[in-house]
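Values in this text are rule-based calculations from the coordinates and carry no lab data. Small disclaimer: the values here were computed from a predicted structure and weren't measured. When we count neighbours, we look across all protein chains shown, and the Cβ atoms used for this are built from the backbone with ideal geometry, even at glycine.
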Number of protein chains: 2
Amino acid sequence: MKITTKLEKFTNALYLESGRILEPYELMYETYGELNHDKSNVVVICHALTGSHHAAGRYEGDRKAGWWDSMIGDNKPIDTTKYFVICVNVLGSPFGSTSPMSFKHQSNKRYGLEFPVITISDIVKAQRILFDRLGIHKVHAIIGGSMGGMQALCFAIEYPNFAKHVISLASTYATQPWAIAFNKIAREAITKDPAFKNGQYDPDEISQNGFNGLAIGRMSGFISYLSPKTMQRKFSRNYDEKDGLYDLFGKFQVEKYLNYNGYNFVNWFDPLSYLYITKAINIFDASRNYDSLEDSLSNIVAKLTLIAFSGDLLFLPKEMKEIEECMIRVGKKDLVRYIEIDSDYGHDAFLVETDKFAHHVTNALEDS
Amino acid sequence: MKITTKLEKFTNALYLESGRILEPYELMYETYGELNHDKSNVVVICHALTGSHHAAGRYEGDRKAGWWDSMIGDNKPIDTTKYFVICVNVLGSPFGSTSPMSFKHQSNKRYGLEFPVITISDIVKAQRILFDRLGIHKVHAIIGGSMGGMQALCFAIEYPNFAKHVISLASTYATQPWAIAFNKIAREAITKDPAFKNGQYDPDEISQNGFNGLAIGRMSGFISYLSPKTMQRKFSRNYDEKDGLYDLFGKFQVEKYLNYNGYNFVNWFDPLSYLYITKAINIFDASRNYDSLEDSLSNIVAKLTLIAFSGDLLFLPKEMKEIEECMIRVGKKDLVRYIEIDSDYGHDAFLVETDKFAHHVTNALEDS
């Protein structure tokens, strides 16, 4: 599989949903496989909150492959011998695209809190402009899970003729208060950490001294990504025998897991990016510029596949089901397919249990 | 209804489960109604994590009544014209009983992190000693929700002949990793707050300057007490129009709610108490000093009523069901009754939707 990673620079202003402007801006993206002659084999992958453009393959020296490596590759469910796959790092993310830690135009000052609020529509709009530059004006499919699913749905509504197939997994039509509440913990922990310094922190200092608020925020995220059953199976009530049960700071296995993943997160993610991307997720509501969700979904002409997971406690299956029902109400029954995967893994099933749903993705891609 | 509030002092050592000793110690408690001649009308109420001995009635000048006022009073479900109700503030709690903020014996130094870890068994043992001093050696019933339900179950196992009826609501036989994870957010946020000062903080300073870590911890608690449905109904996706949707720090209603309750919590609860009581909850496992849960529950001779709530996402109904099934397995089918209340309110249903289950409590109390 041929992998290329590129940074594309844009000097034209990006007009944002908020009324603000981003100028200039850059987008980092990665491609897998080869674009065919008539450019009809493009599959766009949209990543989630902490994901990146590195969706598949392994960089030299890396222990871990891209976040959806089990799905994307030669003869894999999203088969790169057939498809040319593109994954773009979203605006606001710390992996190369323009983010709050980028330097403002012709200055040596980082944006910090002066970075404009970005929405899922803005993220999608920027990707659309990138694809245009690459000469890709239509794609075979757009696929995404969680926040990636929001992007996929947003593409289907706002650029109806752009994709033939749209697949949204473990996502929603509008972020519900429950998900906003989990994000709130993180947003509060980040901004109240003295290391945050009103967004004027030095990234080198953070990588040296850590950033507890971001670690605590990540822990809150992890609770929403797993399910009671997975936690029960993974950790039970085991605890660190070294500390003992009666040590105030002795740790249960689940605490050790949250600690490890929370504090490790600080080494590879950025607090301001977390603030801005969770804000984009919180704002997401497919109906917000329309009279109703029905009104919004009537734009869709792509074939829409919705894959929900029964144990997802962050974006409940009924939220995905609501999209299907709404599509049926507006006479688009033939365009929509709702699939509920039986899984007690939790929200992260879309990343972890790919064998349970991969064939549905392949089938949707092969549907004419 | 006659209400009395008292502080009882104990000079004898309390031998704790951890092997440590608490000496001396004090317990604050409140009673409602009158003790009858043969002391056969006592009902013990056990409070939850942030509760107190003030379970019912209204203190002069107070806006709010005790935390279970809808349940306890003259002609109420726990009828104080019949029963003499006692509620004891648990060890470690900041409402008058000995806690980490108490001064160590004959010193002007607070315990801080030198306070010993307390378990549910210790909490129950201390109450048992208090009741003995009051000349109460048997009670009609013990009732508690959440952590109060753990105490009730613990009484039933460790002092089998003490209570005739034991009622546990919205609780469990052992705290599961999911609940430990929610506590972890709070414990991490508290200890990493610079205001914590390794437990040597000045309480006056905290009430003046606040304590973000405790506020964030409370927010984490609130997510686990509510359910997606309640949040949807209470807050929907409403946001503060004053801020607008595109303000990075603009707030959704659910965020305002968490903010208000989180930061307000700091005014009436103590960070060290939160650390110690969540530890007691985390440690709780009714089977831990036995070969199995069956082995542990075989001690029970009281009539055990288990009231679970279908929408409880903190202590899942199946955890309560497991107690029933276990009791049946050890031949105690006649002693146990499991009731599942249909509610989508979440864990807090035991505090909020008392009209849905009050008659079950009354019936259990009146059962001969």
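At a glance:
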| read-out | value |
| --- | --- |
| Within 10 Å of each Cβ in A:170-182, the average number of Cβ atoms from other chains | 5 |
| Gyration tensor verdict on the range A:158-238 (Cα atoms; rounded if a/c is under 1.5, prolate if a/b is larger than b/c, oblate otherwise) | oblate |
| Globularity index of the range B:244-324, i.e. its alpha-carbon radius of gyration over 2.2 N^0.38 Å | 1.69 |
| Along principal axes, Cα extents of the range B:116-190, largest first, whole Å | 43, 26, 15 |
| Within chain B, longest stretch free of exposed GluC sites (Glu not before Pro) [DSSP loop, at most 11 other beta carbons within 10 Å] | B:61-240 |
| For q = 0.20 Å⁻¹, Debye-computed log10 I/I(0) when each Cα of the range A:1-87 counts as one equal scatterer | -0.94 |
| Cα centre as origin, Lys/Arg/Asp/Glu Cβ charges: chain B dipole, Debye | 260 debye |
| Within 10 Å of each Cβ in A:36-47, the average number of Cβ atoms from other chains | 0 |
| Shape box of the range A:233-368 [Cα atoms, principal axes, largest first, Å] | 62, 34, 24 |
| Value in Å of the Kirkwood radius, where chain A supplies the Cα pairs that are averaged | 21.2 Å |
| Label spacing, shortest first and in nm, from B:Asn261 to its equivalents in the remaining copies (7 angstrom along Cα→Cβ) | 2.5 |
| Extreme residue, positive dipole direction of the protein assembly as shown, given options A:Gly92, B:Thr305, A:Phe155 (C-beta unit charges) | A:Gly92 |
| Across the identical copies, how the A:Gln200 labels are spaced - nm, sorted shortest first, 7 Å along Cα→Cβ | 3.1 |
| log10 of Debye I(q)/I(0), alpha-carbon scatterers only, for the range B:179-279 at 0.13, 0.16 Å⁻¹ | -0.52, -0.74 |
| Above-threshold pairs, the threshold being 22 Å between Cα atoms, out of A:Lys82/A:Lys138; A:Lys125/A:Lys279; A:Lys125/A:Lys318 | A:Lys125/A:Lys318 |
| Inter-copy separations for A:Arg233, label at 7 Å along Cα-Cβ, nm, ascending | 3.2 |
| Reciprocal mean inverse distance between Cα atoms of the protein assembly as shown - Kirkwood radius, Å | 27.6 Å |
| Within 10 Å of each Cβ in B:243-252, the average number of Cβ atoms from other chains | 6 |
| Simple label model, 7 Å out from Cα along Cβ direction - B:Ala13 to A:Gln200, nm | 5.6 nm |
| Most mobile of B:Leu14, B:Leu245, B:Leu351 in a GNM of chain B (Cα contacts under 10 Å) | B:Leu245 |
| Helix-derived mean residue ellipticity, 222 nm - over chain A, DSSP H n ≥ 4, -39500 (n - 2.57), to 500 | -11000 deg cm²/dmol |
| The protein assembly as shown, dipole about Cα centre (Lys/Arg Cβ +1, Asp/Glu Cβ -1), debye to the nearest 20 | 440 debye |
| Within the range A:138-243: Cβ-based charge dipole about Cα centre, in debye rounded to nearest 20 (Lys, Arg +1; Asp, Glu -1) | 540 debye |
| Residues B:Arg20 and B:Trp268, FRET efficiency given R0 of 35 Å [Cβ-Cβ distance, rounded to 0.05] | 0.80 |
| Protection proxy ranking of B:207-220, B:69-82 - average other beta-carbon atoms within 10 Å, highest first | B:207-220, B:69-82 |
| For A:Ala174, residues with placed amide H under 5 Å, excluding near neighbours | A:Ala286 |
| Whole-number percent relative contact order across chain A, with pairs defined as alpha carbons under 8 Å at least 6 apart | 17 percent |
